[in-house]
Amino acid sequence: MKNQKLSTFLIVLILGLSWACGSSTEESESSEKVEEGFTPNPQEIAEQPVGKLAIGDKAPYFKLPNVDGKFVSIDDFSDSDALVVYFTCNHCPTAQAYEERFNDVVDDYSGKKVAFVGISPNSPIGILPEELGYSDLDDDFESMQIRYVDMNYNFPYLYDGDTHEYSLAYGPTATPHVFVFDKDRKLSYSGRLDTSEKPGTANAEDLRMAIDKTLAGEALDSDKAITPAFGCSTKWAWKNEYTIKVNAEWKEKPVEVQKISPSGLADLLKNPTDNLMLINFWATWCGPCVVEYPEFIEIQRMYGGRDFQFVSLSMDNPNQEDKVLKFLKGKYSAVPNYLIDTEDKYAVIDVVGKEWDGSLPITLLIEPGGNIAYKKMGEIKALELRRAIVDHPMIGRYY
């Protein structure tokens, strides 16, 4: 996720305003006193016991960085009669399916002394690109900042991805997983928001019932106090061994290049497959092409398990095949790799279309049948391209 950096000043300003507008007076005052300047440092750790809270257990303490870099602790919510701790993340399709619902719950209980806080427990180093096929983001701290703004989160969104310092005590089994605590911060509910993942089919009924019962001082029935939390498993840092293994396997995949004629390219651009096809025109002598190329391999790994295929097309001269292949092997480009078989670059431009001015790189996202869904002349913006892919009707963010 190398090209998704935002201006530090702008992101902190936006997040600071969002947090100020969405917080209680007590929370806003406390945010002025907390530490600033947080720098994430995700670490590989040995496997550790994961907690499992029982009804009546005291809420474990936490003090974690919010997306604005300021630390938020459980003590910042001491005036609330109920506290909802919401373990979620950026990449999980189930977590994304519940984002708007959770925002709605926060709005609906805004005048009822209920505090809400989100925590991302996932380790960024424990997540493979292959696990990001339903998202434009991973679960690092910077991506959390982006998601917070994109989805207008109306609650603090805290990062616990370095060593899971506090998430281990709560023991979220999946994202999303909610915990509801009463005024004395004893657990009254743990589990799902509701029983229907698909957006628009439910309204966080289980969570709302738990909050209402907790505010009323009533205990939930034993079969409703703890429910399963369906979603993506929590990405603990000790799972990094599997990540290393899969990354190594990708680097061992064969890399080949084959020649293609202008007429063959014309057929390719009609996309006779059932997949959404991303094609990048590049050359070894093109500086921006070389710099951005690894992004395309990561994108292939992200969406390659779905109806998607990245195709590489080199505009080097045909006699440069060895040079092209050496470059591709160095980038582990285990995808369909083509080298145009003619030195007549204008014949290639004519095939692609008159809108191409001939400069490199150029990137096209092509639907089956040849319709161009996205086109970028010049260097890509990786986040923008990933969004064009995942938000395309052929891909999508949910199951």
One residue from S23, S80 being modelled with pLDDT under 95, buried (at least 17 other Cβ atoms within 10 Å of the Cβ) and either at positive phi or in the same structural domain as Y148 (by TED's automatic domain parsing) (or both): S23
Those residues of the stretch 88-101 which are in contact with a Gly (Cβ under 8 Å, 6 or more places away or on another chain) and assigned to a helix (DSSP H, G or I), in sequence order: T94, A95
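Is it the case that L158 is under 29 Å from R386 (Cβ atoms), part of a strand (DSSP E or B), in contact (Cβ under 8 Å) with a residue 24 or more places away in the chain and not polar (S, T, N, Q)?
yes
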Subset of the stretch 225-243 that is in a helix (DSSP H, G or I) and surrounded by fewer than 13 Cβ atoms within 10 Å (Cβ to Cβ) - its residue that is modelled with the lowest pLDDT: E241
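When you go through I74, I125 one by one, which is the residue that is modelled with pLDDT of 95 or more and in the same structural domain as P156 (by TED's automatic domain parsing)? Full working, then the answer.
Working: I125 fails: modelled with pLDDT of 95 or more.
Only one candidate qualifies: I74.
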Given (1) surrounded by fewer than 18 Cβ atoms within 10 Å (Cβ to Cβ); (2) under 29 Å from the mean Cα position of the chain (by Cα); (3) small (G, A, S); (4) on the phi < 0 side of the Ramachandran plot, index of the condition A388 fails: (1)
Which listed residue is in the same structural domain as I299 (by TED's automatic domain parsing), in contact (Cβ under 8 Å) with a residue 40 or more places away in the chain and either under 30 Å from L339 (Cα atoms) or not in a loop (DSSP other than H, G, I, E, B) (or both), from N271, N247: N271
Conditions (1) exposed (fewer than 15 other Cβ atoms within 10 Å of the Cβ); (2) at pLDDT 95 or above; (3) more than 19 Å from C286 (Cβ to Cβ); (4) among the charged types (D, E, K, R); number of the one not met by D344: (3)
Residue check for G358: assigned to a loop (DSSP other than H, G, I, E, B), touching a Lys or Arg at 6+ places or on another chain (Cβ under 8 Å) and without any contact (Cβ under 8 Å) to a residue 60 or more places away in the chain: yes
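The values are calculated or read from the model by the stated rules, or taken from the named source; none is laboratory data. Just so you know, these numbers come straight off a predicted model, no measurement behind them. Here the Cβ is made from the backbone with ideal geometry for all residues, glycine too, and neighbour counts use every protein chain on show.
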